[in-house]
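*Asks:* Quick one: this structure, given as structure tokens, is what I'll be asking you about.
The values are calculated or read from the model by the stated rules, or taken from the named source; none is laboratory data. What you see is a predicted model, and the numbers here were worked out from it, not measured in a lab. Cβ sites come from the backbone with ideal geometry, for glycine too, and all protein chains shown count toward neighbours.
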Amino acid sequence: MPAPMCPIKPNRIAVLTSSLLLATTISAASAQTADQAWLRPSTLDHRPAISLEPRVLGFGIMEQAALRELKDGNARLLGGSSDSAPAPLKVEAVLGTVDEVRRALPHIPVPTDLQPEGYWIYWNGAADKPSLVVAGADHPGLIYGVFALFRLLAAGQDFTRLNLRSQPAFRIRWVDQWDNPDGTIERGYAGRSIFFEGGDVRQDLAPVSEYARLLASVGINGCNLNNVNASPDLLKHDHLVQIARIADAMRPWGVHVALSVAVNSPQSIGGLATFDPKDAAVKAWWAARAREIYDLIPDFAGFTVKADSEGQPGPSSFGRTPADAANTLAAALAPHGGVVLYRAFVYNHHLDWHDPKADRARAAYDIFHPLDGQFLPNVIVQTKEGPIDFQAREPVSPLFAGLQKTSQAMEVQITQEYTGQQRHLVYLAPMWKQVLDFDLHANNQSTPVKEILAAKSFHQSLGGMVGVAGIGRDRWLSSPLALANLYAFGRLAWDPNLRPDSIAEEWARQTITTDRVVVGTVVDMLHWSLRNYESYTGPLGMQTLTDITGSHYGPNIESSERNGWGQWHDADAKGVGKDRTVATGSGYTAQYPPELAKLYEDPATTPDDLLLFFHHVPYTYKLHDGKTVIQHIYDSHYNGAAFAAGYVDQWTKLKGRVDAPLYDDVLARLQYQANHAIVWRDAIVQYFLKLSGIPDDQGHAGHYPGRLEAEDARLNGYKIIDVTPWEDASGGKAVTCSEKVCSAEWTYTGQPGRYSFAVQYFDLQGGIGHYTLKINGQPAATWDGNADLPSKHPNGDNSTRYTVPNVGLKPGDILQIEGTPDGQDPAALDYIEVLPVHEAAPVI
Ligand code: GCV
């Protein structure tokens, strides 16, 4: 939370200062550091022209942190310089608040109207004593200013022209962690929690300090620590004492902690007979709990609430509304300056799919719009960017226009739950930017989402962005390139007018190298990555066609149909798409302001990439480019998979230009992605080919030249199984081994020549299956199924490809795969594929 809402009691400061020093000391020894992200030693290919000598004007803990960052940043900058470059000019860097700077340097034009958390960076080109001034409107502003200075220098900014003011567009700029006290992270794909383990806060909080540095470096000011499916235990006194240690570790960088709370806590841990938010004892319980929290954590930011959603307790049990629950919590926090982020992700997951009027997309607006004006001023309604759930493509939530007397925050996901779980390269900033710029035309006026969140469009006092981060102990987000998403989230929450490509460029320059070829390639890959992921997963607004009741990772088209979860895309033999029109469907289109309601009501004016979100159309329906829906489904999957393979080519051209460990790590991920895109392609294409019965004009769908199915092989020990869902295996079948060793054998009947040889197998959890390819009895390759992929059953989550390049074959050769099971991994096999070398899938 911004400082004005979170006064820190002075008697805490001394304690907090010592914890800063402690955190700093531990940090040096910590395995997980901010330099695994973008705060790393200089990537500059030339020595910077200046070396900064700090002079800090104040003594608060944040000013000390700013001083440390200045020194650290200077060392980083100089770290990559070559000895042959001229010695840098020594320049004094003056750090302070605007008031302090005004007093110390009365002759320079210090701004008088800098908004809270803003900063001013100024080059005072005095010939005798040149200096750079970094002044914050307040202490957080100073921290942001120091980080901004190094960002600018890394971008090649001419420091002699610096006279820059900046202030955040949004007051709320939070990350949400969905960490559980036991150390697991809901929808986290980068290891275990940096905050919790075994029910308690971890002893080693050095990574937490490092995380706070990363967050502050891009302007994030709040961190909600725990899962919104909240464990009430964290509100118990001994846990609050532990949470206070986390707050101490993050405080020097201006990151305020918040907690998710379960609204039934007064009953579940408080021993009350009820948790009715209108009950006087319940209100008193929350007020007492808030007092206890603020005694321990004077700058506590507030509560996040998930209620009446996906099984979480909620006010509906007592016939109360979300406003009733939110206001009870808000009243408890208000005297201390805290806020409540009440999530609009409230819906019934037992919907009747037979009812054309039933529609999960309607839920947030139907429930929250009637409550507009009933929330206390320190309540912020937190709404996911789309009406469903972080899909690769959704329309913008109409609720942003439907709450005009309520503060609002937009929730987005940094962790890639539905967008490839960090195993696929997907840069999400283009999605967020599109939503931020999207004009809802509320009240027939221009009302882009970014203006609503900035509390400029309507009668609101607060607003902002919340990103579900999912960082863990495995190098923050595990995938090096996925860190661009965390970086971009902060940058857009500070300034939604930034362009995703520019953000990607400044990130790449700080994180990888300033080499133009590398930066250009990385920006290009990031730029297209979301659009491409969408094309081989769920195009035309069908949503991500994944296993929505399980892993949310591989293809599983029908998992979203005919159940109460309401992520339907209503595919049948004749057509596809959920009818959300007023005329014949659920009526969801009417939740938008009139201009958009009209646009989305008519398939002819609905943008193609949202067509099937709003309309049920025949497969032969023609898109704006004249192509039929079914042909688009086929083509987008083939093109998307080919495009994903292209990332590998792009990246391999950078060999020698980026650090070798980074190069190898990213290459392995891109190769995996290219192969998994084929799994996605084949699953969705064969599903819709079978369902629609309409052939592919391009002749791809249903034709797999060079593919030899495992179920058609001569099997020794292997048994044929039906894979579930059927579309996740070629022809719906695979073979599994329950013997010590099994084999599948084919006789090659094609042309003689050199080929690439792909083996499609299922890399299951619970063991490391082993595979050998033999040609005429001679081993040609051997590998382990040791990837960490979801599911213990063979399906699209774990269908994996191993490719052997450049194999010589002639008719009559005997091709054999020998599989050795291990533990619960039965060395399952789908098919082999003999491919011309130049068409081969990328080599692992
Ligand atoms: C924390 C989706 C996720 C859940 C998550 C939920 C939410 O449904 O799959 O894991 O729960 O969203 O945002 O509350």
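*Asks:* Which ones in the range 185-194 are away from the ligand (no atom under 16 Å from the Cβ) and of a type outside the set (Lys, Arg)?
*Replies:* Those that are away from the ligand (no atom under 16 Å from the Cβ) and of a type outside the set (Lys, Arg): Gly191, Ile194.
*Asks:* Ok, one more. Only one of these conditions is not met by Gln631: (1) within 30 Å of Val804 (Cβ to Cβ); (2) surrounded by 17 or more Cβ atoms within 10 Å (Cβ to Cβ). Which number is it?
*Replies:* Gln631 satisfies every listed condition except (1).
*Asks:* Is there any pair linking a residue in the range 337-361 that is more than 21 Å from Ser407 (Cα to Cα) and hydrophobic (A, V, I, L, M, F, W, C) to one that is within 12 Å of the ligand (Cβ to nearest atom) and outside any loop (DSSP other than H, G, I, E, B), with Cβ under 8 Å and at least six apart or on different chains, and which?
*Replies:* Cβ pairs passing all conditions: Leu351/Arg360.
*Asks:* I'm trying to understand the selection: among the residues of the range 473-492, which are among the polar types (S, T, N, Q) and not in a helix (DSSP H, G or I)?
*Replies:* Ser478, Ser479 - these are the residues of the range 473-492 that are among the polar types (S, T, N, Q) and not in a helix (DSSP H, G or I).
*Asks:* Still on this structure, I have one more. For the range 166-175, indicate whether the set of residues that are among the aromatic types (Phe, Trp, Tyr), crowded, with 24+ Cβ neighbours inside 10 Å and either within 16 Å of the ligand (Cβ to nearest atom) or over 18 Å from Ala258 (Cβ atoms) (or both) is non-empty.
*Replies:* Yes, the range 166-175 contains at least one residue that is among the aromatic types (Phe, Trp, Tyr), crowded, with 24+ Cβ neighbours inside 10 Å and either within 16 Å of the ligand (Cβ to nearest atom) or over 18 Å from Ala258 (Cβ atoms) (or both).
*Asks:* Given the options Ala244, Ala284, Ala249, name the one that is within 17 Å of Gly338 (Cα to Cα) and in contact (Cβ under 8 Å) with a residue 24 or more places away in the chain.
*Replies:* That would be Ala244, the only listed residue that is within 17 Å of Gly338 (Cα to Cα) and in contact (Cβ under 8 Å) with a residue 24 or more places away in the chain.
*Asks:* Also: If you scan the range 772-813, which residues turn out to be among the charged types (D, E, K, R) and part of a strand (DSSP E or B)?
*Replies:* Lys774, Asp784, Arg801
*Asks:* Where residues in the range 299-333 are acidic (Asp, Glu) and within 16 Å of the ligand (Cβ to nearest atom), which of them is farthest from the chain's Cα centre (by Cα)?
*Replies:* Result: Asp308.
*Asks:* Continuing with the same structure: Within the range 716-743, can you find the residues that are of a type in the set (Gly, Ala, Ser) and under 20 Å from Gln824 (Cα atoms)?
*Replies:* Across the range 716-743, the qualifying residues are Gly717, Ala729, Ala734, Ser738, Ser743.
*Asks:* When both residues are 6+ apart or on different chains and their Cβ atoms are under 8 Å apart, which pairs have a first residue that lies in the range 187-216 and is over 21 Å from Ser231 (Cα atoms), and a second that is assigned to a strand (DSSP E or B)?
*Replies:* So the pair list comes out as Ala190/Gly472; Ala190/Trp476; Tyr211/Cys223; Tyr211/Trp476; Ala212/Cys223; Leu214/Trp476; Leu215/Val175; Leu215/Cys223.
*Asks:* What is the residue count in the range 260-275 for residues that are closer than 15 Å to Asp308 by Cβ and either over 33 Å from the mean Cα position of the chain (by Cα) or of a type in the set (A, V, I, L, M, F, W, C) (or both)?
*Replies:* Qualifying residue count, the range 260-275: 4.
*Asks:* Filter the range 228-244 down to residues that are within 16 Å of the ligand (Cβ to nearest atom) and surrounded by fewer than 24 Cβ atoms within 10 Å (Cβ to Cβ) and give me whichever is farthest from Val466 (Cα to Cα).
*Replies:* Step by step, filter the range 228-244, then rank; the result is Pro232.
*Asks:* Do you know which residues across the range 438-472 are basic (Lys, Arg) and either out of contact with any Phe, Trp or Tyr (no Cβ under 9 Å at 6 or more places or on another chain) or in a strand (DSSP E or B) (or both)?
*Replies:* Lys456, the sole residue that qualifies.
*Asks:* Among the residues of the range 334-349, is there at least one that is on the phi < 0 side of the Ramachandran plot, within 15 Å of the ligand (Cβ to nearest atom) and among the small types (Gly, Ala, Ser)?
*Replies:* Yes, the conditions are met somewhere in the range 334-349.
*Asks:* Could you look through the range 758-778, keep only residues that are in contact with a Phe, Trp or Tyr (Cβ under 9 Å, 6 or more places away or on another chain) and surrounded by 20 or more Cβ atoms within 10 Å (Cβ to Cβ), and pick out the one that is nearest to Val735 (Cα to Cα)?
*Replies:* Tyr761
*Asks:* Would a scan of the range 131-138 turn up a residue that is among the polar types (S, T, N, Q) and more than 19 Å from Glu100 (Cβ to Cβ)?
*Replies:* Within the range 131-138, none of the residues are among the polar types (S, T, N, Q) and more than 19 Å from Glu100 (Cβ to Cβ).
*Asks:* Let me ask something else about it. Check whether at least one residue in the range 463-474 is at pLDDT 95 or above, crowded, with 23+ Cβ neighbours inside 10 Å and away from the ligand (no atom under 16 Å from the Cβ), and report yes or no.
*Replies:* Within the range 463-474, one or more residues are at pLDDT 95 or above, crowded, with 23+ Cβ neighbours inside 10 Å and away from the ligand (no atom under 16 Å from the Cβ).
*Asks:* A follow-up question, please. Would you confirm whether or not the range 208-216 contains a residue that is within 16 Å of the ligand (Cβ to nearest atom) and over 21 Å from Gly463 (Cβ atoms)?
*Replies:* no
*Asks:* Give the residue that is nearest to the ligand (Cβ to nearest atom), with candidates limited to residues of the range 553-566 that are part of a loop (DSSP other than H, G, I, E, B) and surrounded by fewer than 23 Cβ atoms within 10 Å (Cβ to Cβ).
*Replies:* Trp565
*Asks:* Hey, another quick one. Quick one: count up the residues across the range 355-386 that are part of a helix (DSSP H, G or I) and either surrounded by 22 or more Cβ atoms within 10 Å (Cβ to Cβ) or of a type in the set (A, V, I, L, M, F, W, C) (or both).
*Replies:* The number of residues fulfilling the criteria is 7.
*Asks:* Looking at the range 293-329, which of its residues are out of contact with any Pro (no Cβ under 8 Å at 6 or more places or on another chain) and more than 22 Å from Gln177 (Cβ to Cβ)?
*Replies:* Once the filter is applied, which keeps residues that are out of contact with any Pro (no Cβ under 8 Å at 6 or more places or on another chain) and more than 22 Å from Gln177 (Cβ to Cβ), the range 293-329 yields Asp295, Ser316, Ser317, Gly319, Ala323.
*Asks:* Kindly evaluate Ala247 against the criterion of being crowded, with 24+ Cβ neighbours inside 10 Å, among the small types (Gly, Ala, Ser), away from the ligand (no atom under 16 Å from the Cβ) and under 29 Å from Ala148 (Cα atoms).
*Replies:* yes
*Asks:* Still on this structure, I have one more. Could you tell me how many of the residues in the range 176-222 are among the charged types (D, E, K, R), closer than 30 Å to Ile548 by Cβ and buried (at least 24 other Cβ atoms within 10 Å of the Cβ)?
*Replies:* 2
*Asks:* Return the residues of the range 455-474 that are over 20 Å from Trp432 (Cβ atoms) and among the hydrophobic types (A, V, I, L, M, F, W, C); say none if nothing qualifies.
*Replies:* If the condition is that a residue be over 20 Å from Trp432 (Cβ atoms) and among the hydrophobic types (A, V, I, L, M, F, W, C), then Phe458 is the only one that fits.
*Asks:* I would also like to ask the following. Scan (1) free of Cβ contacts under 8 Å to residues at least 24 places away in the same chain; (2) within 16 Å of the ligand (Cβ to nearest atom) for the single condition Asp158 breaks and write down its number.
*Replies:* Here Asp158 clears every test but (2).
*Asks:* What about Leu149, is it closer than 21 Å to Ile50 by Cβ, more than 16 Å from the ligand (Cβ to nearest atom) and crowded, with 24+ Cβ neighbours inside 10 Å?
*Replies:* yes
Yes/no per residue for (1) more than 41 Å from the chain's Cα centre (by Cα); (2) more than 21 Å from Ser791 (Cα to Cα); (3) among the hydrophobic types (A, V, I, L, M, F, W, C):
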{"residue": "Pro705", "(1), (2), (3)": "no, yes, no"}
{"residue": "Arg714", "(1), (2), (3)": "yes, yes, no"}
{"residue": "Val735", "(1), (2), (3)": "no, no, yes"}
{"residue": "Tyr755", "(1), (2), (3)": "no, yes, no"}
{"residue": "Tyr761", "(1), (2), (3)": "no, no, no"}
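*Asks:* Report, by residue number, each residue of the range 396-411 that is buried (at least 24 other Cβ atoms within 10 Å of the Cβ) and either within 12 Å of the ligand (Cβ to nearest atom) or among the hydroxyl-bearing types (Ser, Thr, Tyr) (or both).
*Replies:* Selection gives Ser397, Thr406, Ser407.
*Asks:* Would you pick out the residues in the range 362-385 that are within 14 Å of the ligand (Cβ to nearest atom) and either free of Cβ contacts under 8 Å to residues at least 12 places away in the same chain or within 15 Å of Ala590 (Cα to Cα) (or both)?
*Replies:* Within the range 362-385, Ala363, Ala364 meet the criteria.
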